[in-house]
Amino acid sequence: MKRYDLQLALRGLLRHRAQTLLIIVTMAIGIASCMTAYTILSALTADPIAHGSRHLYLVSMSSQPLPKPGDHDAAPSMPTLLKLRDAQALVDARKAVRQAYLATAFINASSDHGKTHSGGQLAWLTSSQAPALFGIPIHYGRVWSHAEAVARMPLVVIDEHLSRKLFGVADGVGHSLRIQGHLFRVVGITADWIVRRQFFDLGQLNLKGKLSIGMLLPLQSAMAAGIGPFAPGPCDSSQAAPVYGPPAADCRWLETWVRLDTPRHVQSYRRYLLDYATAQHAAGRFPRAPKVALHGMDDWVAQNNGVPSSVHINLWLSLAFLVLCMVNVMGLLLARFLRGSYEVAVRRTLGATRASVFAQHLIEAGGVSLLGGALAVPLTLFGLWLVRLQKVGYSSAAHLNLSMFITLFVLAVGVGLIVGVLPAWRASTLSPALQIKTN
């Protein structure tokens, strides 16, 4: 009987082709508009890194100087950028599960013979625990050791894409590349690691979309070669901090990230930070009263790089439009099923059950929803392409991935079945005797 119901449903789809096409297009447009808005929102609210972001915290301490006479200093916020001395002290203390400081640089590198150039590469000036802290996979080689960093050895870790570009091979361990006239030996090759959303240097840089960290440099080695961050940060007394050069000792330019797995770890590390700030205040380095904070990565990104209100508004408007389309689809299905009430009456008279009639019409509604979902895929891709053409900050996030593709089909089938329940139920409850008499 189920096979027979399927055959009847397919005949119904082919018999009323114009109406079937209208239902499919209406459903596809509604689903595509909703999925376009939802895809953008999902990309903007995704975890910055693939795993472990909920355990990562950014350190903040009240290390800034007191205001000068006549300056206004109402409710100053605690800076998340630390001086080199403080960042090194926190990392060397190893009070967290893992810890690392970092600063962002844009670096032009070339092969040792200078024939192949990398172009501008997003790089981190950081410590040796950064790959383990942020889950950056090392495919070949290793990370530099603490002793090598202290000795300021010119070492570097690059990703596979940069290795192929400069050396022509994925495993470029042992090769050397040139940065600002200095040779750095490659000791490790990472996978092409992608940052879904910017979480670092949010107060200094505004980088949109997915980011690829192509190079990791030991901070001490980079400073010895005259390499500094893109944004040097504020300084206590210097008139102007250098750009792309190592900042002065009184500049705050390093973020310190730590991994804390449990609430007890968070509480313990916060006490350690407060003790450190208190000691520095007593020594006269921190003129303000000791205050510390730990910012969770997800909360920090939401505060500083949140989703624009227009994205939420677009999603609600697309949901409303989807509801309107589905109401129209329900009306078209109901009119279509009631038009075939005479055939239903004949089937019921010949012994078909209500469940069989209901299944036939629900299969027909499900077939329409599958076709609508199939048509919604290119329409969604077209909508995301139009978004990428717009000059908005989130345009680079308009890409359909596998999970969104699966969500699209589940939404199409689910909505089609839900919309088809009422028309199918109404068709199955018609009185066969009255229909035969009327017709």
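The values are calculated or read from the model by the stated rules, or taken from the named source; none is laboratory data. These numbers come from a predicted model, not from an experiment. Every residue, glycine as well, gets a Cβ built from its backbone with ideal geometry; the counts of neighbours run over all protein chains shown. Remember, those area values only see protein heavy atoms, side chains included, never the ligands or the DNA or RNA. Shrake-Rupley method; radii C 1.70, N 1.55, O 1.52, S 1.80 Å.
Kindly evaluate Q198 against the criterion of being in contact with a Gly (Cβ under 8 Å, 6 or more places away or on another chain) and surrounded by fewer than 21 Cβ atoms within 10 Å (Cβ to Cβ).
Numbers: in contact with a Gly (Cβ under 8 Å, 6 or more places away or on another chain): no; surrounded by fewer than 21 Cβ atoms within 10 Å (Cβ to Cβ): yes.
Considered against the rule, which asks whether it is in contact with a Gly (Cβ under 8 Å, 6 or more places away or on another chain) and surrounded by fewer than 21 Cβ atoms within 10 Å (Cβ to Cβ), Q198 comes out as no.
Look at the range 266-319 and say how many of its residues are among the aliphatic types (A, V, I, L, M), closer than 30 Å to G383 by Cβ and either in contact with a strand residue (DSSP E or B) (Cβ under 9 Å, 6 or more places away or on another chain) or surrounded by 14 or more Cβ atoms within 10 Å (Cβ to Cβ) (or both). I'd like the intermediate steps shown before the answer.
Filtering the range 266-319 down to residues among the aliphatic types (A, V, I, L, M) leaves 266, 273-274, 277, 279, 282-283, 289, 292-294, 297, 301-302, 307, 311, 313, 315, 317, 319.
If we keep only those that are closer than 30 Å to G383 by Cβ too, we end up with 301-302, 307, 311, 313, 315, 317, 319.
Next, only the ones that are either in contact with a strand residue (DSSP E or B) (Cβ under 9 Å, 6 or more places away or on another chain) or surrounded by 14 or more Cβ atoms within 10 Å (Cβ to Cβ) (or both) stay: 301, 307, 311, 315, 319.
Total satisfying the criteria: 5.
Which ones in the range 182-198 are in contact with a Ser or Thr (Cβ under 8 Å, 6 or more places away or on another chain) and part of a loop (DSSP other than H, G, I, E, B)?
Step one: of the range 182-198, the residues in contact with a Ser or Thr (Cβ under 8 Å, 6 or more places away or on another chain) are 183-186, 189, 192-195.
Hits for the range 182-198 are D192, W193.
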Pairs please, first residue from the range 182-196 and touching a residue at least 12 places away in the same chain (Cβ under 8 Å), second anywhere and open to solvent by 20 Å² or more (accessible area, probe 1.4 Å) and of a type in the set (K, R), Cβ atoms under 9 Å, 6+ apart in sequence or on different chains. F184/R178; V187/R142; G188/R142; I194/K210; V195/K210; R196/K210
Inside the range 75-115, can you point out the residues that are open to solvent by 40 Å² or more (accessible area, probe 1.4 Å) and not hydrophobic (A, V, I, L, M, F, W, C)? P76, S77, R85, Q88, D92, R94, K95, R98, N108, D112, H113, K115
Here the residues within the range 26-70 that are open to solvent by 50 Å² or more (accessible area, probe 1.4 Å) and in a helix (DSSP H, G or I) are I29, Y38, T45, R54
Of all residues being out of contact with any strand residue (DSSP E or B) (no Cβ under 7 Å at 6 or more places or on another chain) and outside any loop (DSSP other than H, G, I, E, B) in the range 120-155, which is farthest from G174 (Cα to Cα)? Just the residue, please. F134
